[in-house]
Structure formats: C-alpha cells, structure tokens
Amino acid sequence: MGLTGYYRKFVKDFSKITKPLILLTKKGENFVWTEECEVTFSELKLRLTTAPVLAIPDQSGGLLYTVMHQARGLVVCSCSMTEWWHMP
C-alpha cells in the first residue's frame, strides 16, 4: 500500500477498506484487478483527498503552542488562540 499506510490512523476503517487491495499483493497470487478493487481504490482516494484527513491551522487569531516533556520524548501541540479562548 506504500505511503497510504502512513494515513491509516486518519482514515476510519482503513484496514477494512484496503483489504481487497492488500490481497492483490499476496505472494504467489495472480494480480487480477476486479470491480471490487476499483471501488476500493476510488473510496480510498476519496477519503485521502477530502477533509478532515489533514488541515492547515487557521493562523488568523494567532497560535498558542504547548510543550509537554516526559522521559520518553518531547511533544509540541498547537491550537489557534480563538480555539483556546473558547475552551469550556
């Protein structure tokens, strides 16, 4: 599946959607592109190219960065200032 695997956590039911395509790559199996594979490919392409997979943050109100540090590593999170002010 190549680089699409990187986005698996952003696409709901990624493994169920891609199963017909993954079966094409099994060792010893003939590569036969079926209608099911075409539908699966189209669905995956749609889900990877439409929101909410990834979005550019809205910087019009400024950004607030939060840095958290633990023994295992460093995490940097950001949210727009407008989101921060409206948090409950």
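Derivation of every value follows stated rules applied to the coordinates shown; laboratory data play no part. Note that this is a predicted model, so its numbers are computed, not measured. So basically every Cβ, Gly included, is an ideal-geometry build from the backbone, and we count neighbours across all protein chains shown.
Give me Phe14, Phe41, Phe31 sorted ascending by neighbouring Cβ count inside 10 Å, so fewest comes first.
Final ranking by Cβ density, sparse to dense: Phe31, Phe41, Phe14.
Can you sort Val11, Val39 from fewest to most other Cβ atoms within 10 Å of each residue's own Cβ?
In order of increasing Cβ crowding within 10 Å: Val39, Val11.
Residue by residue through region 30-46, which ³J(HN,Hα) values in whole Hz follow from phi under the Karplus form 6.51 cos²θ - 1.76 cosθ + 1.60 (θ = phi - 60°), with glycine and proline marked x?
6, 7, 10, 7, 9, 4, 4, 5, 5, 5, 4, 4, 5, 5, 5, 4, 4
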